[in-house]
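Step one of this worksheet: look at the structure below.
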Amino acid sequence: MTRTYTVETYGCQMNVHDSERIAGLLDEAGYLPVEPGVQADIVVFNTCAVRENADNKLYGNLSFLAPIKKANPNMQIAVGGCLAQKDQSIILKKAPYVDVVFGTHNVGSLPVLLERARIEEESQIEILEALEHFPSTLPARRFSAFTSWVSISVGCNNTCTFCIVPTLRGIEKDRPAVDILKEIRALVDQGVIEITLLGQNVNAYGVDFGDRSAFANLLRECGKIDGLERVRFMSPHPRDFTDDVIEVMANTKNVMPHLHMPLQSGSNRILQEMRRSYRTSRYLGILDRVRQAMPEAMITTDIIVGFPGETEEDFQATMDLATQAQFAAAYTYKYSIRPGTPAGAMANQVLAEVVGERYTRLHEHQQAISLGVNQRSIGTKHRALVSEVEGRRDAAQSRLTGKTEDFRLVHFDAVSEARPGDFVDLTITDASAHYLIGREEAHIETRGGDAFAAREAKVGPQPTMLGIPKVK
Ligand code: SF4
């Protein structure tokens, strides 16, 4: 009887991509992805350590699984990702029924560790302090038939005081451009039409081999790949942002007019405390130059509320900068103490109720800004890539969803047989803070739509993210 597996993913795009590799490795080892709603033989948690909430989720899910594992001794549980890299043997102390603990630098070891745990009937823990092989050489089960993540670097050389990532993912390591371009061409041959270049600090790419224009050059090379319709990247750092990237974005047809650039705070005093190595004038200067070169570009960001020592005045500076920047969306987070980070040891932590109140104020403020930005698009034309999940149609449903060039969600009533992976040209007819409403004007079949249809025909509907019922 072939054993089945499920992968539960927390955190960032890097983790989502690592989960594709975990699934690819388990496929290659002869396991099968479990059907939705069925209990899997192997449960893998790919964890995050950026916020306290991530810890609670993991340990909550592990205690949920304890009685299930007790009733089914053949079941195996594995914990990987950033929290495993940080907590290591603490996980086995808290949950001794866990079979495998593996880190961020040795995803490839999982199948061997599972087998060893089964044969030796003993928990296995393997954590490496540094990366040995670039994970991109590992097999991957891509969750999408026509879009793909492509890692260009791992790790980070920055030392933001609130962030645990450099400790867990190590210093920056860059992949050779030839390997990246080879992987992208292979993906395009498989029907992928949209890629997202991934790195903790994607625009620092090249620092490993001393070439500051390496990222702009990589984007330029992506522009020469036939069949590659859309190129995106995540996440750039304002300190390392160079004007040649703006020039390439503006002059390369398949590089999309969207920039997700974390701000974190609108107060220069707090940016200094965060050790972000830029000030608001530099950040706004980049936005101005991006908008001069691409007036249609959309900017999104990340903001932390309640960093230690944040005063009402600092917070107001963040509110004012959000007004000035006119972000299409801002992912806002409450500051969370991370043991082992400099900010975690700072004395002047902000009271939780004050953080909560500010978080709500910023959220509402940004909602109003996003609504205004989206309403200004009513009447404009956009080309949307029909999404995999919301784009799946059943008999009753003609409302589909897609992503515009500038990375905004758009719902539209389909008048054609548009498939996930196809393009539709739309006129925007309405807007909310979180999405646009469009009217379909034209349907363009793509190789992405073909790839989606071929995969559906071959293996049926794919579970988008393999998971177990979440702990509420
Ligand atoms: S740039 Fe800063 S926040 Fe981002 S991963 Fe590096 S240290 Fe963390």
Practice problem: Would you be able to say whether some residue in the range 144-166 is more than 16 Å from the ligand (Cβ to nearest atom), touching a strand residue (DSSP E or B) at 6+ places or on another chain (Cβ under 9 Å), open to solvent by 30 Å² or more (accessible area, probe 1.4 Å) and under 30 Å from Ala454 (Cα atoms)? | Solution: yes
Self-check item: Matching entry among Val202, Val188 (being touching a Leu at 6+ places or on another chain (Cβ under 6 Å), open to solvent by less than 60 Å² (accessible area, probe 1.4 Å) and either more than 27 Å from Arg276 (Cα to Cα) or of a type outside the set (Gly, Ala, Ser) (or both))
Solution: Val188
Quiz prompt | Candidates Arg291, Arg232, Arg269 - the one that is part of a helix (DSSP H, G or I), open to solvent by 10 Å² or more (accessible area, probe 1.4 Å) and farther than 30 Å from Gly344 by Cβ | solution = Arg291
Quiz item: Residues of the range 170-212 being within 16 Å of the ligand (Cβ to nearest atom) and touching a strand residue (DSSP E or B) at 6+ places or on another chain (Cβ under 6 Å), which ones?
Solution: Glu172, Lys173, Asp174, Leu197, Leu198, Gly199, Val202, Tyr205, Asp208
Practice problem: All but one of (1) assigned to a helix (DSSP H, G or I); (2) within 16 Å of the ligand (Cβ to nearest atom); (3) of a type in the set (S, T, N, Q) hold for Thr301, so report the exception by its number. | Solution: (1)
Quiz item: In the range 241-266, what residues are part of a helix (DSSP H, G or I) and open to solvent by 20 Å² or more (accessible area, probe 1.4 Å)?
Solution: Asp243, Asp244, Glu247, Ala250, Asn251
Quiz item: Taking into account only those residues within the range 84-102 that are in contact (Cβ under 8 Å) with a residue 40 or more places away in the chain and surrounded by 24 or more Cβ atoms within 10 Å (Cβ to Cβ), which is nearest to Ala54 (Cα to Cα)?
Solution: Ala84
Quiz item: In the range 329-352, which residues are within 17 Å of Cys160 (Cα to Cα) and among the aromatic types (Phe, Trp, Tyr)?
Solution: Tyr333, Tyr335
Quiz item: Quick check: anything in the range 35-49 open to solvent by less than 60 Å² (accessible area, probe 1.4 Å), outside the structural domain of Gln264 (by TED's automatic domain parsing) and either among the polar types (S, T, N, Q) or assigned to a helix (DSSP H, G or I) (or both)?
Solution: yes
Exercise. Return the pairs, sorted by first residue and then second, in which the second residue is open to solvent by 10 Å² or more (accessible area, probe 1.4 Å) and within 16 Å of the ligand (Cβ to nearest atom), the first residue lies in the range 143-166 and is free of Cβ contacts under 8 Å to residues at least 40 places away in the same chain and under 19 Å from Glu132 (Cβ atoms), the beta carbons are less than 9 Å apart, and the residues are 6+ apart or on different chains.
Key: Pro166/Cys156; Pro166/Asn157; Pro166/Asn158; Pro166/Thr159; Pro166/Cys160; Pro166/Gln200
Quiz prompt | Residue satisfying condition, being in the same structural domain as Thr147 (by TED's automatic domain parsing) and either touching a Leu at 6+ places or on another chain (Cβ under 9 Å) or under 19 Å from Met298 (Cα atoms) (or both), within set Gln324, Gln349 | solution = Gln324
Quiz item: So which of Gln367, Gln324 ends up being of a type in the set (S, T, N, Q) and either in contact with a helix residue (DSSP H, G or I) (Cβ under 7 Å, 6 or more places away or on another chain) or loosely packed, with under 15 Cβ neighbours inside 10 Å (or both)?
Solution: Gln324
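The values are calculated or read from the model by the stated rules, or taken from the named source; none is laboratory data. As the structure is a computational prediction, the values presented were derived from the model and not from experiment. Ideal geometry is used to build each Cβ from the backbone, glycine not excepted, and the neighbour counts take in all protein chains shown. Note: accessible area is taken over every heavy atom of the protein model, side chains too, but ligands, DNA and RNA are not part of it. Shrake-Rupley method; radii C 1.70, N 1.55, O 1.52, S 1.80 Å.
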